[in-house]
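The values are calculated or read from the model by the stated rules, or taken from the named source; none is laboratory data. Predicted model, so just to flag it, every value in this text is computed and none were measured. Here Cβ is always computed from backbone atoms with ideal geometry, including for glycine, and neighbour counts include all displayed protein chains.
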Amino acid sequence: MKRPLVLFLLFLLPAAALPAQEKEPSWIVRAGQLAWRLVTGPNQSLDSVYVLQPELLWTVALESDFIYTGADLHSGITLSDFTGESGQIYRGTMDTGMKNMPYRKVGLAAGFGSLRIGYGLNLAKTKGNQDKYFNLGLYAPSYGAQIRCHTIYQYPSGTLAMEGFEPIDLSSDYPGETRSLVVDAYYCINRHRFVYTATDNARIIQRRSAGSWMVTAKFLQGEFSLNQDDPLVRETLKGMRGYSTRQFSVGGGYSFNWVPLHRDPAKPETAGGLQNLTLNATVLPMISFLNHVQTEEETEKGEQHVRINGQPAFCPTLRGAVCYTLGRWSFSAETTYSRFGFQGVDTEISEENDHLRTKVTTRGTFYEWSVKGNVNFRF
């Protein structure tokens, strides 16, 4: 009797030693755990000789920006009029753009781990004519993405000159509304020793000088709406609503962090006693593959959209920045220049049963130059 009992207990022992099988977590839980690690967790692949990762996750900042943005378009126009017995052809040009009033704003930003959100406005303007911005970004050590939305009120300018007619001044004292959405992303090839955002919010700090080749992409959607109370719009540009553009570009380049001063604290995890000075220079040439301008006009038949498709164009981004970190405080300044070139192919518009034909060739530039200063505090 004893022997069968012993054998039975020996048979059950391995099964009793096995842990209870846990239920597989759902994809929602796994996705949340992955997102949490991406935002808050330290990057184990970073070389600690070159990079310092403070454990303090929260950041608040006071931001001040000076932004100079605008668009300059040049159109060659050929108008063929076949309404009479003999056709007539008129040629001319139209140059349009903005008076490029500078846009200054003050805002607040807050960050948790690699996430950062900011909002600001132009305090010098009235409530009904208010420039404002919003941005949301993920700034990991080796990659990142940012969404920026701007609303700016600008004054249109330009001249329409046709052969045989007096030039028409297209400048106005009535501001139109410019809205832009910019989405950009980057990836650093040297992901072990280089941190692109070391001169931004000091979330992760560059200890030693290092550089990296980068891959980047950018999407721009911009819209300019004319003020319909403007006499120029009602009398000269009858029915014109404005124009918009969408552009997507990809490319790469090189970024370098120079660290002339760095003193580590006794305990890096507390960031107490830290001193650091880092300077950054970045060149990112890109080529646009989606590139078009669309005009919007109100006609007797309803709203009419004329799309002018563009050819691939060179779209560079240049950046220079400096950041000084003292303990939990950091002070940064940067200047960035971005340019979207536009080279349109010929576009033909027919009206009144093909008696009027307009051929337009358009080229131009959409650009943004900014100078930004930040005061950041980590806790």
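Going through (1) farther than 30 Å from residue 177 by Cα; (2) at pLDDT 70 or above one by one, residue 12 falls short only on (2).
Looking only at residues that are in contact with a helix residue (DSSP H, G or I) (Cβ under 9 Å, 6 or more places away or on another chain) and outside any strand (DSSP E or B) in the stretch 223-256, which one is farthest from residue 198 (Cα to Cα)? Write out each step before concluding.
The initial filter retains those residues of the stretch 223-256 that are in contact with a helix residue (DSSP H, G or I) (Cβ under 9 Å, 6 or more places away or on another chain), namely 226-228, 239-241, 255.
With the extra rule that they be outside any strand (DSSP E or B), the set shrinks to 226-228, 239.
Details: 226: 41, 227: 42, 228: 46, 239: 49 Å.
Among those that are in contact with a helix residue (DSSP H, G or I) (Cβ under 9 Å, 6 or more places away or on another chain) and outside any strand (DSSP E or B), it is 239.
When you scan the stretch 175-182, do you find a residue that is among the basic types (Lys, Arg) and farther than 23 Å from residue 305 by Cβ, even just one? Checked against the condition, which is being among the basic types (Lys, Arg) and farther than 23 Å from residue 305 by Cβ, the stretch 175-182 yields no hits at all. The set of residues in the stretch 47-88 being part of a loop (DSSP other than H, G, I, E, B), modelled with pLDDT of 85 or more and surrounded by 16 or more Cβ atoms within 10 Å (Cβ to Cβ) consists of 50 alone.
Residue 153 fulfils the conditions (1) touching a helix residue (DSSP H, G or I) at 6+ places or on another chain (Cβ under 8 Å); (2) outside any strand (DSSP E or B) except for a single criterion, (2).
Does residue 350 qualify as being in a strand (DSSP E or B) and modelled with pLDDT under 75? Answer is yes for this residue. Somewhere in the stretch 172-192, is a residue over 28 Å from the mean Cα position of the chain (by Cα) and in a loop (DSSP other than H, G, I, E, B)? The answer is yes, given that some residue of the stretch 172-192 is over 28 Å from the mean Cα position of the chain (by Cα) and in a loop (DSSP other than H, G, I, E, B). So, residue 174, is that one surrounded by fewer than 18 Cβ atoms within 10 Å (Cβ to Cβ) and in contact with an Asp or Glu (Cβ under 6 Å, 6 or more places away or on another chain) or not? For residue 174, the condition - surrounded by fewer than 18 Cβ atoms within 10 Å (Cβ to Cβ) and in contact with an Asp or Glu (Cβ under 6 Å, 6 or more places away or on another chain) - is met. Counting only residues that are surrounded by fewer than 21 Cβ atoms within 10 Å (Cβ to Cβ) and out of contact with any Ser or Thr (no Cβ under 6 Å at 6 or more places or on another chain), the stretch 365-379 holds 7 of them.
Does residue 211 fit the bill of being over 22 Å from residue 116 (Cα atoms) and either modelled with pLDDT under 90 or among the hydrophobic types (A, V, I, L, M, F, W, C) (or both)? Here the answer is no, as residue 211 does not meet what is asked. Filtered by the rule that a residue be touching a Phe, Trp or Tyr at 6+ places or on another chain (Cβ under 7 Å) and within 22 Å of residue 367 (Cα to Cα), the stretch 149-172 gives 149, 150, 152, 172.
Could you say which residue among 105, 127 is buried (at least 18 other Cβ atoms within 10 Å of the Cβ) and either at pLDDT below 80 or charged (D, E, K, R) (or both)? Walk me through it before giving the result.
Working: 127 fails: buried (at least 18 other Cβ atoms within 10 Å of the Cβ).
Only one candidate qualifies: 105.
Among the criteria (1) surrounded by 17 or more Cβ atoms within 10 Å (Cβ to Cβ); (2) touching a Leu at 6+ places or on another chain (Cβ under 7 Å); (3) closer than 25 Å to residue 60 by Cβ; (4) modelled with pLDDT of 90 or more, the one residue 317 does not fulfil is (3).
For the stretch 153-194, name all the residues that are farther than 26 Å from residue 93 by Cα and among the β-branched types (Val, Ile, Thr). Correct list: 182, 183, 189.
Among the residues making up the stretch 136-158, those that are aromatic (Phe, Trp, Tyr) and over 27 Å from residue 192 (Cβ atoms) are 153, 155.
Please report, ordered by residue number, the strands (runs of 3 or more DSSP E) entirely within the stretch 279-346 with at least 2 residues that are within 29 Å of residue 233 (Cβ to Cβ) and under 21 Å from the mean Cα position of the chain (by Cα). First the steps, then the outcome.
On the way: elements: 286-299, 302-309, 317-326, 329-343.
Strands (runs of 3 or more DSSP E) meeting the threshold: 286-299, 329-343.
Return yes when residue 203 is over 24 Å from the mean Cα position of the chain (by Cα), of a type outside the set (Ser, Thr, Tyr) and crowded, with 19+ Cβ neighbours inside 10 Å and no when it is not. So residue 203 does not fit the description; no.
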